[in-house]
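Enquirer: Can you read through this structure? Questions will come right after.
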Amino acid sequence: MTLPRSTPYLVIGAGIHGLSTAYHLAKELEARGLGAGSDIVVIDKHSPGAGASGIACGVIRNNYFQPAMAELMQACVEVWESDPAAYRYNPVGYMALGAACQESDLATTFERQQKIGYRSELIVGAREVDAHMKTLFPDWRARGVTICLHEHQGGFAFNVDSIMGLVAKCEQSWVRVLSGVEAKAFELGPDDSVRAVITNQGRIEVGQVVIAPGPWAKHFWSMLELPPTIDVHTPSGDVVRDQPMWTYWNLQEGEIRVDPRLFSLPDGSMPPVIHIDSDAPLYTDDGELVTDELWGIYFKQDKHGVQGGASPLKVGPEVQLDPYPQTTDVDPDFPDMWCAALSHAMSRFEGCRPLYKIARSGGMGAFTVDNFPVFDYIKPNAYCILDSNHGYKMIGVGREVAKVVVGEHSSLLYPFRFERFATGDLHPVSSSPYPWS
Ligand SMILES: Cc1cc2nc3c(=O)[nH]c(=O)nc-3n(C[C@H](O)[C@H](O)[C@H](O)COP(=O)(O)OP(=O)(O)OC[C@H]3O[C@@H](n4cnc5c(N)ncnc54)[C@H](O)[C@@H]3O)c2cc1C
């Protein structure tokens, strides 16, 4: 398919956000009699799913301490639940198990979930948590865990399959999804709006453009001539000057090659995704101390084994992103730590270290200055979806962006406007060791 010379709506990036926006925009245009899917072109410099969406662990949860994140995530889960078959969504639920220092955060999160009607339960106390876990996993043996938030919604989806589900939905709505088209520059008009996008396949005039670049956020930030550092106004009125807008983190993930059914519920069905943070000392199966500080991992049943990850590693303001994700890998100590933690949690994983799959793993993410997304018009007709690596689970953001693009307000996206750094309207911070909680 050749690149058209103009389009009313151009979406850059065929990941979860770009494709979800395109599909929902097609529906909005038709429903309002404003146009059709054929008014929308999606371009990707490689192909759908070539970015972070194609390698994400796929975990879908609502364990967020920030009210705005929790409400947005509830809307996202609604979209996943709307078509589990097309999105290859597994609604198995999600469990966040925490140490004593996380009790108050998880209790607050649970209370908010009750208020907004997100189905979950809270189990408090080491003995109570142990008993709850043993009903699901009789060989549960984790220590240093005193609270469990069991979300009965959410779960995980198969990354590439769900992207292909979205591509099919786009194409059925007559949206054109073009691979191998790289946005190289923006041609701005006198009012600072984007008049055209210059690509490796030619120039394309645009009415509106939605930019959904995943880890390439910083690249687009500089193409749009935005400052690499910004001043951040805090809720207390202080100003922290010259903060780097973008920082890269390396997401550490891996898998053990086992029969996936090894990690099942007693009746053989797929178990919830598990995230455990513990303050008990962590040892390998050979008795070597891995750490005596707070540690955490997450894991889920996958197609060919058990997959998961641990805390990401901060890299800094510059990385080599391309070819993605081949330029990244996990810390050499990650497999020992992750396998030790699996075995700490359940005896079925004892001795699993030799089964760790030796392969390139993990991937880079671009995080904003406060580690929360920026969803906003950055130019008068250029909407940016910069998710700060929160976002495979955020399939509903595209639905909200589609509404904004046709002129509606989205109260779910409003808390994520760029202006928050100037007004001090920042999101509260939890005591989680992860930059995404
Ligand atoms: C290892 C890892 C595990 C993760 N696990 C989870 C998880 O379990 N749950 C969760 O919710 N989130 C997870 N995330 C985060 C999540 O994957 C991302 O936040 C989300 O996928 C970003 O989606 P996107 O559509 O913005 O970007 P992407 O999926 O990265 O898509 C951006 C697209 O833009 C294209 N592109 C880039 N530059 C150009 C250009 N100049 N011109 C045209 N096209 C361009 C790329 O080829 C790419 O296809 C994980 C991330 C990583 C790295």
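The values are calculated or read from the model by the stated rules, or taken from the named source; none is laboratory data. Remember, it's a predicted structure, so these values are computed and weren't measured experimentally. Heads up, the Cβs are rebuilt from the backbone with ideal geometry, glycines too, and the neighbour counts pull from every protein chain shown.
Rundown of residues vs (1) at pLDDT 95 or above; (2) away from the ligand (no atom under 15 Å from the Cβ), yes/no style:
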| site | (1), (2) |
| --- | --- |
| P354 | yes, yes |
| S361 | no, no |
| K379 | yes, yes |
| C384 | yes, no |
| S388 | yes, no |
| I395 | yes, no |
| H409 | yes, yes |
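Enquirer: Based on what the data block shows, is S20 within 14 Å of the ligand (Cβ to nearest atom), hydroxyl-bearing (S, T, Y) and either farther than 12 Å from G398 by Cα or surrounded by 21 or more Cβ atoms within 10 Å (Cβ to Cβ) (or both)?
Expert: On the way: within 14 Å of the ligand (Cβ to nearest atom): yes; hydroxyl-bearing (S, T, Y): yes; either farther than 12 Å from G398 by Cα or surrounded by 21 or more Cβ atoms within 10 Å (Cβ to Cβ) (or both): yes.
So S20 passes the test.
Enquirer: Given the structure, is G254 touching a residue at least 40 places away in the same chain (Cβ under 8 Å), in a loop (DSSP other than H, G, I, E, B) and either out of contact with any Phe, Trp or Tyr (no Cβ under 8 Å at 6 or more places or on another chain) or within 25 Å of F372 (Cα to Cα) (or both)? Give the derivation first.
Expert: Working: touching a residue at least 40 places away in the same chain (Cβ under 8 Å): yes; in a loop (DSSP other than H, G, I, E, B): no; either out of contact with any Phe, Trp or Tyr (no Cβ under 8 Å at 6 or more places or on another chain) or within 25 Å of F372 (Cα to Cα) (or both): yes.
So G254 does not fit the description; no.
Enquirer: Any residue that is part of a helix (DSSP H, G or I) and surrounded by fewer than 23 Cβ atoms within 10 Å (Cβ to Cβ) - is there at least one of those in segment 89-99?
Expert: The initial filter retains those residues of segment 89-99 that are part of a helix (DSSP H, G or I), namely none.
No; the residues of segment 89-99 include none that is part of a helix (DSSP H, G or I) and surrounded by fewer than 23 Cβ atoms within 10 Å (Cβ to Cβ).
Enquirer: Sticking with this one: Does M95 count as within 30 Å of F220 (Cα to Cα), within 16 Å of the ligand (Cβ to nearest atom) and within 21 Å of the chain's Cα centre (by Cα)?
Expert: Details: within 30 Å of F220 (Cα to Cα): no; within 16 Å of the ligand (Cβ to nearest atom): yes; within 21 Å of the chain's Cα centre (by Cα): yes.
Taking the combined requirement at face value, the residue does not satisfy it.
Enquirer: In segment 116-175, how many residues are small (G, A, S), on the phi < 0 side of the Ramachandran plot and free of Cβ contacts under 8 Å to residues at least 40 places away in the same chain? Walk me through it before giving the result.
Expert: Just the residues of segment 116-175 that are small (G, A, S), to begin with: 117, 120, 125-126, 131, 142, 144, 154-155, 157, 162, 165, 168, 173.
In the following step, the residues that additionally are on the phi < 0 side of the Ramachandran plot were identified as 120, 126, 131, 142, 157, 162, 165, 168, 173.
Keeping just the survivors that are free of Cβ contacts under 8 Å to residues at least 40 places away in the same chain gives 126, 131.
Qualifying residue count for the region: 2.
Enquirer: Next question. Output the residues belonging to segment 403-417 that are touching a strand residue (DSSP E or B) at 6+ places or on another chain (Cβ under 7 Å) and among the aromatic types (F, W, Y). Step through it out loud before you land on a result.
Expert: Applying the first criterion (touching a strand residue (DSSP E or B) at 6+ places or on another chain (Cβ under 7 Å)) to segment 403-417 yields 404-405, 413, 416-417.
Once the filter is applied, which keeps residues that are touching a strand residue (DSSP E or B) at 6+ places or on another chain (Cβ under 7 Å) and among the aromatic types (F, W, Y), segment 403-417 yields only F416.
Enquirer: Something else about it: Return the total of residues in segment 1-56 being of a type in the set (F, W, Y) and part of a strand (DSSP E or B). Break it down stepwise before answering.
Expert: Just the residues of segment 1-56 that are of a type in the set (F, W, Y), to begin with: 9, 23.
Next, only the ones that are part of a strand (DSSP E or B) stay: 9.
So the answer is 1.
Enquirer: Related question: When you scan segment 139-251 for strands (runs of 3 or more DSSP E) that lie fully inside it, which ones turn up with 1 or more residues that are surrounded by fewer than 17 Cβ atoms within 10 Å (Cβ to Cβ), within 12 Å of the ligand (Cβ to nearest atom) and among the basic types (K, R)? Give the derivation first.
Expert: Details: elements: 147-151, 155-157, 176-179, 183-188, 194-199, 202-211, 229-233, 239-244.
Because the criterion is at least 1 residues that are surrounded by fewer than 17 Cβ atoms within 10 Å (Cβ to Cβ), within 12 Å of the ligand (Cβ to nearest atom) and among the basic types (K, R), the strands (runs of 3 or more DSSP E) in segment 139-251 that meet it are 183-188.
Enquirer: Sticking with this one: How about segment 57-80: which of its residues are assigned to a loop (DSSP other than H, G, I, E, B), more than 13 Å from the chain's Cα centre (by Cα) and among the polar types (S, T, N, Q)?
Expert: Applying the first criterion (assigned to a loop (DSSP other than H, G, I, E, B)) to segment 57-80 yields 57-58, 61-66.
Filter once more, so that each one left must be more than 13 Å from the chain's Cα centre (by Cα): 65-66.
Q66 - this is the single residue of segment 57-80 that is assigned to a loop (DSSP other than H, G, I, E, B), more than 13 Å from the chain's Cα centre (by Cα) and among the polar types (S, T, N, Q).
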